[in-house]
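Structure record follows, encoded as structure tokens.
The values are calculated or read from the model by the stated rules, or taken from the named source; none is laboratory data. Just so it is clear, the model here is predicted, and its values are computed rather than measured. Here the Cβ positions follow ideal geometry from the backbone for every residue, glycine too, while neighbour counts run over all protein chains shown.
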Amino acid sequence: MIKSALKRLEYRGYDSIGQVTVDGGRLYVKKDKGRLEEVDAKYNLDDMPGSLGVGHTRWATHGRPAQENSHPQTDCENRIAVVHNGIIENYLDLKRELEAKGHKFQSRTDTEIVPHMVEDYVNQGMSLEEAFRKTINRLDGAYSLVLTSADRPRVILCARQESPLVLGLGNGEYYCASDLAAFLPLTKKAIILEEGEMAILDPNGIKILKSKNGALVKRDPITITWDPESAKKQGFPHFMLKEIHEQSRSLRDALRTQRIYYDLLASKIIDADKVFILACGTSYHAGLVGTLALAKLAGINARVVIASEFSDEALDLVTPKTAVLAISQSGETMDTLNAVRDAKAKGASILSIVNVLGSTLMRLSDVYIGQNSGPEIGVASTKTFTAQVTVLLRLAATIGRKKGEVSTREIGDLEDAIHKTPELIERIITTKAAEVRRIAEGCSNASSICFLGRGVSVPTALEGRLKLLELSYIPAIAYPAGESKHGFIAIIEEGFPVIFVAPKDETHKRVVGNIMEMKARGARIISIIEEGDEEVRDLSDQVVEIPESLPSLVTPIVYVVPLQLLAYYMSVLKGNDPDYPRNLAKSVTVE
Ligand code: AGP
């Protein structure tokens with residue numbers, strides 16, 4: 001049963017599998033990196049005794065995919081086993097505390113501190129439930145945790161903070177899972193565990209408690225009407241729309257990356273004679289924002305190069321003192337890997353920002369930062385773009401602080417704005433989606449559409465164009481707005497839709513001028529503006545307002561969201577499949 005539940009979770013993407021059962025006063029653990037069928041072939045997951053067990057598909061955030069980093073993680077005596085989704089931010093401090101008490105750690109995961117801490121409290125005489133509750137109250141970050149113990153063979157404990165966890169009520173059986181899809185064929189009766197709650201599953205049923213004070217929580221089960229396919233999309237019609245909505249959480253997770261990684265990358269970049277950023281597609285657009293941030297915040301003259309052009313355009317300039325920062329969601333894009341290998345062969349330091357830990361790019365890197373966006377299934381990158389930009393801004397700020405290029409105050413303002421983006425994006429999606437849909441309806445018959453922006457909004461415009469082009473198949477155009485009068489403007493005619501990315505930053509005045517140029521030739525002006533920007537609103541036929549003023553460098557993270565939604569709605573309106581657009585692959589592993 002556990003194996004088939006894991007099979008139903010495979011769609012989410014993972015790099016390791018593990019299972020634990022409890023029987024005869026001991027734990028049985030089988031786990032390793034690899035696909036379910038590979039691990040099953042090696043260990044025979046069906047051959048595990050007991051009527052209670054937990055399975056896990058791991059998506060690495062701490063510690064590359066490896067047998068010892070797979071879940072469950074156990075305590076010193078292998079009597080407590082824990083599986084975990086999420087990121088425990090303060091795990092290094094807690095690990096040091098436990099090591100000082102003699103605990104021995106087997107893995108490089110953040111998760112392993114949980115079974116050791118529970119073990120510690122149980123050894124101090126606490127009940128398993130109390131020890132678990134005390135432990136989770138010491139954790140900072142996001143988690144959905146499930147714990148089993150050899151000494152309590154008929155009990156499962158679980159808890160959540162941000163990361164999802166659902167409970168299932170079967171016929172004399174009880175389930176907990178990070179995703180309804182896991183147990184939906186077994187029961188349609190479910191209870192959603194809310195933030196800051198824990199649950200105790202035993203043969204008598206399910207008990208829910210407040211993690212903070214142990215107070216009992218009463219909650220009736222709901223009946224799930226979704227079929228297994230829509231359960232995977234959590235009720236969204238497409239993975240892309242689900243992933244656009246997941247951005248507030250993926251950004252919070254990106255913000256949980258340990259400072260140490262930024263410091264390591266920053267030192268490499270500061271010591272370098274030259275800095276190249278290389279990437280493809282959406283990651284390249286994030287790289288464009290990265291170059292601007294490094295220049296403005298750190299006085300670093302980095303050059304961003306499309307990976308497939310790197311060997312022709314820049315390889316000759318690479319020396320052993322050069323730093324190459326590669327950006328890739330999948331970490332498997334062949335053009336990016338080839339450029340990295342070429343630079344590595346010339347002795348360059350290879351740095352990377354990746355989403356898939358354990359990927360080839362991560363393994364080729366001297367230092368990497370995991371962006372923690374979680375699995376992205378839709379071919380069109382959305383949540384990984386906003387996370388990449390977030391990581392790049394923080395990296396530039398770290399270098400700026402180390403070099404004394406920016407004041408602590410400036411960094412503070414930038415950090416505050418970045419920390420606002422998750423909630424702001426949630427607000428934009430809930431309040432502006434209908435407006436964006438109307439814009440899509442108005443543009444769905446356009447033969448072409450153009451995206452214009454200035455400064456840091458050029459990458460935002462380029463990303464909006466790429467999303468629309470790859471999903472609607474409309475030959476869209478994007479330009480630095482100032483450049484548009486040197487050619488592009490020739491194709492403007494009555495009603496031609498021109499989308500301006502127009503935050504109220506240092507480029508605003510000049511963008512207003514460009515809007516007037518387009519309007520004078522009959523273009524239909526659609527603008528993404530800051531709320532209350534009367535000037536551009538009055539010049540535009542349709543607007544989407546961003547309800548907060550943001551530092552210019554932070555605007556791509558937020559102003560891109562209406563453009564992601566626009567591309568999604570255009571794709572649906574045109575009857576295309578937003579998740580699997582024609583001719584494209586999620587990871588382009590050919591050159
Ligand atoms: C973007 O929506 C596309 N999926 C594509 O351009 C993608 O960004 C590009 O192939 C790079 O992928 P990577 O980040 O996995 O390297």
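Restrict the check to region 354-362 and report whether at least one residue is more than 16 Å from the ligand (Cβ to nearest atom), β-branched (Val, Ile, Thr) and more than 18 Å from the chain's Cα centre (by Cα).
no
Restricting the search to region 340-353, which residues are buried (at least 20 other Cβ atoms within 10 Å of the Cβ) and either assigned to a loop (DSSP other than H, G, I, E, B) or within 13 Å of the ligand (Cβ to nearest atom) (or both)?
The answer is VAL340, ALA348, SER352, ILE353.
GLY13 versus (1) touching a residue at least 40 places away in the same chain (Cβ under 8 Å); (2) crowded, with 18+ Cβ neighbours inside 10 Å: which is the lone unmet condition?
Every listed condition holds for GLY13 apart from (2).
Of the numbered conditions (1) touching a Lys or Arg at 6+ places or on another chain (Cβ under 8 Å); (2) more than 20 Å from MET1 (Cα to Cα), THR57 satisfies every one except a single condition; which is it?
(2)
Could you list, in sequence order, all residues of region 95-144 that are within 29 Å of LYS33 (Cα to Cα) and among the polar types (S, T, N, Q)?
GLN106, SER107, THR109, THR111, THR135, SER144
For region 560-581, which positions are on the phi < 0 side of the Ramachandran plot and either more than 13 Å from the ligand (Cβ to nearest atom) or among the acidic types (Asp, Glu) (or both)?
As a first pass, look at region 560-581 and keep what is on the phi < 0 side of the Ramachandran plot: 560-574, 576-581.
Correct list: VAL561, PRO562, LEU565, LEU566, TYR569, MET570, VAL572, LEU573, LYS574, ASN576, ASP577, ASP579.
Among residues belonging to region 375-396 that are in a loop (DSSP other than H, G, I, E, B) and not aliphatic (A, V, I, L, M), point out the one that is nearest to the ligand (Cβ to nearest atom).
Among them, the one singled out is SER381.
Of these, ILE369, ILE425, ILE411, which one is within 27 Å of SER571 (Cβ to Cβ), out of contact with any Pro (no Cβ under 6 Å at 6 or more places or on another chain) and of a type in the set (Val, Ile, Thr)?
Numbers: ILE369 fails: within 27 Å of SER571 (Cβ to Cβ); ILE411 fails: within 27 Å of SER571 (Cβ to Cβ).
Among ILE369, ILE425, ILE411, only ILE425 is within 27 Å of SER571 (Cβ to Cβ), out of contact with any Pro (no Cβ under 6 Å at 6 or more places or on another chain) and of a type in the set (Val, Ile, Thr).
Would you confirm whether or not region 300-311 contains a residue that is surrounded by 23 or more Cβ atoms within 10 Å (Cβ to Cβ), more than 17 Å from the chain's Cα centre (by Cα) and closer than 30 Å to THR431 by Cα?
no
Could you list all residues from region 304-323 that are touching a Gly at 6+ places or on another chain (Cβ under 7 Å) and within 16 Å of the ligand (Cβ to nearest atom)?
Once the filter is applied, which keeps residues that are touching a Gly at 6+ places or on another chain (Cβ under 7 Å) and within 16 Å of the ligand (Cβ to nearest atom), region 304-323 yields only VAL304.
Can you confirm whether region 478-498 contains a residue that is within 16 Å of the ligand (Cβ to nearest atom), at pLDDT 95 or above and either part of a helix (DSSP H, G or I) or surrounded by 20 or more Cβ atoms within 10 Å (Cβ to Cβ) (or both)?
Yes; the residues of region 478-498 include at least one that is within 16 Å of the ligand (Cβ to nearest atom), at pLDDT 95 or above and either part of a helix (DSSP H, G or I) or surrounded by 20 or more Cβ atoms within 10 Å (Cβ to Cβ) (or both).
Which residue is surrounded by the fewest Cβ atoms within 10 Å (Cβ to Cβ), if the candidates are limited to region 501-560 and must be touching a Phe, Trp or Tyr at 6+ places or on another chain (Cβ under 9 Å) and in a loop (DSSP other than H, G, I, E, B)?
This residue is GLY522.
Let me spell it out: the conditions are (1) part of a loop (DSSP other than H, G, I, E, B); (2) touching a strand residue (DSSP E or B) at 6+ places or on another chain (Cβ under 6 Å); (3) farther than 29 Å from SER457 by Cα, and ASP220 meets all of them except one. Which number is the exception?
(2)
Please determine whether any residue of region 551-559 is within 16 Å of the ligand (Cβ to nearest atom), in contact with a helix residue (DSSP H, G or I) (Cβ under 7 Å, 6 or more places away or on another chain) and polar (S, T, N, Q).
Checking region 551-559: not a single residue is within 16 Å of the ligand (Cβ to nearest atom), in contact with a helix residue (DSSP H, G or I) (Cβ under 7 Å, 6 or more places away or on another chain) and polar (S, T, N, Q).
I'd like the residue in region 432-477 that is in a helix (DSSP H, G or I) and of a type in the set (Val, Ile, Thr) and, out of all such residues, is surrounded by the most Cβ atoms within 10 Å (Cβ to Cβ).
Within region 432-477, the subset in a helix (DSSP H, G or I) is 432-443, 457-472.
Right, trim to of a type in the set (Val, Ile, Thr) and you get 436, 439, 458, 460.
Numbers: VAL436: 25, ILE439: 23, VAL458: 25, THR460: 28.
Among them, the one singled out is THR460.
Give the residues of region 561-583 that are of a type outside the set (Phe, Trp, Tyr), surrounded by 16 or more Cβ atoms within 10 Å (Cβ to Cβ) and either out of contact with any helix residue (DSSP H, G or I) (no Cβ under 7 Å at 6 or more places or on another chain) or under 28 Å from ALA295 (Cα atoms) (or both), sorted by residue number.
Selection gives VAL561, PRO562, LEU563, GLN564, VAL572.
Which of (1) acidic (Asp, Glu); (2) in contact (Cβ under 8 Å) with a residue 60 or more places away in the chain; (3) assigned to a loop (DSSP other than H, G, I, E, B) is the odd one out, the single condition GLU426 does not satisfy?
GLU426 satisfies all of (1) acidic (Asp, Glu); (2) in contact (Cβ under 8 Å) with a residue 60 or more places away in the chain; (3) assigned to a loop (DSSP other than H, G, I, E, B) except (3).
When the residues of region 186-228 are filtered to those that are surrounded by fewer than 17 Cβ atoms within 10 Å (Cβ to Cβ) and polar (S, T, N, Q), which remaining residue is nearest to ARG152 (Cα to Cα)?
ASN204
Among the residues of region 254-297, write down those that are more than 16 Å from the ligand (Cβ to nearest atom) and of a type in the set (Val, Ile, Thr).
Result: THR257, ILE260, ILE269, ILE270, VAL275, THR291.
Would you say VAL82 is over 29 Å from TYR261 (Cβ atoms) and either surrounded by 21 or more Cβ atoms within 10 Å (Cβ to Cβ) or under 26 Å from the mean Cα position of the chain (by Cα) (or both)?
Against the criterion (over 29 Å from TYR261 (Cβ atoms) and either surrounded by 21 or more Cβ atoms within 10 Å (Cβ to Cβ) or under 26 Å from the mean Cα position of the chain (by Cα) (or both)), VAL82 does not qualify.
Given the conditions (1) more than 25 Å from the chain's Cα centre (by Cα); (2) touching a residue at least 24 places away in the same chain (Cβ under 8 Å), report the number of the one that ALA293 does not fulfil.
All conditions pass for ALA293, except number (1).
For (1) in a helix (DSSP H, G or I); (2) within 16 Å of the ligand (Cβ to nearest atom), each residue gets a yes or a no:
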site: LEU325; (1), (2): no, yes
site: ASN338; (1), (2): yes, yes
site: SER373; (1), (2): no, yes
site: THR398; (1), (2): yes, no
site: LYS402; (1), (2): yes, no
site: ARG409; (1), (2): yes, no
site: HIS419; (1), (2): yes, no
